[in-house]
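Data first, discussion second: the structure below is written as C-alpha cells.
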Amino acid sequence: MQKQINVLLCDDHELIISGLKQILRSLPLVHNIALANNGKQALELLADQKFDLVISDVSMPEMGGIELSAFIKNNYPTANIVESKILMIS
C-alpha cells in the first residue's frame, strides 16, 4: 500500500483553494486536506497536525507565503513546500 500524505492548502482566494482541493481529493495518495486563508491560520494548523506537503500562495494578508515557508523550513523540516503566485490579468 502506498503511503498517504496530509496536505495543507494556504491561499486567500476561495476559487484557488476550491480548485486545488478538488484536484487533490482525486489523488489516492492524499489522505487529509486542511485549509488556511493566511499564514497565521496555517501556523495554527501546523501546531496541531503533521503535514507532508504545504501548498501556499506567496501573497496573502497577515502573513505571506514567503514568511510562512521560512518558518516551516526552520520548524518542520520534513514538510515539503510549494509556493505559488497566481497572476490575475484583467
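The values are calculated or read from the model by the stated rules, or taken from the named source; none is laboratory data. As the structure is a computational prediction, the values presented were derived from the model and not from experiment. Neighbour counts are summed over all protein chains in view; Cβ atoms, including those assigned to glycine, are modelled from backbone coordinates with ideal geometry.
Residues in the stretch 2-10: is at least one over 13 Å from the mean Cα position of the chain (by Cα), modelled with pLDDT under 90 and not basic (Lys, Arg)? Among the residues of the stretch 2-10, at least one is over 13 Å from the mean Cα position of the chain (by Cα), modelled with pLDDT under 90 and not basic (Lys, Arg), which makes the answer yes. Taking the numbered list (1) in contact (Cβ under 8 Å) with a residue 12 or more places away in the chain; (2) more than 13 Å from the chain's Cα centre (by Cα); (3) under 13 Å from VAL7 (Cα atoms) in turn, LEU27 passes all entries but (1). The listed residues are SER56, SER26, and the only one of them that is loosely packed, with under 12 Cβ neighbours inside 10 Å and among the polar types (S, T, N, Q) turns out to be SER26. Within the stretch 50-70, the set of residues being in a loop (DSSP other than H, G, I, E, B), without any contact (Cβ under 8 Å) to a residue 40 or more places away in the chain and among the charged types (D, E, K, R) comprises just one member, GLU62. The residue list ALA42, ALA47 contains one member that is modelled with pLDDT under 95, surrounded by fewer than 14 Cβ atoms within 10 Å (Cβ to Cβ) and not in a loop (DSSP other than H, G, I, E, B), which is ALA47.
State whether one or more residues within the stretch 71-80 are surrounded by 11 or more Cβ atoms within 10 Å (Cβ to Cβ), on the phi < 0 side of the Ramachandran plot, touching a strand residue (DSSP E or B) at 6+ places or on another chain (Cβ under 9 Å) and in a strand (DSSP E or B). Yes, the conditions are met somewhere in the stretch 71-80. All conditions but one from (1) surrounded by 17 or more Cβ atoms within 10 Å (Cβ to Cβ); (2) touching a Lys or Arg at 6+ places or on another chain (Cβ under 8 Å) apply to LEU20; the one that does not is (2).
Among the residues examined, ASP52 does not qualify as among the charged types (D, E, K, R) and over 16 Å from GLN4 (Cβ atoms).
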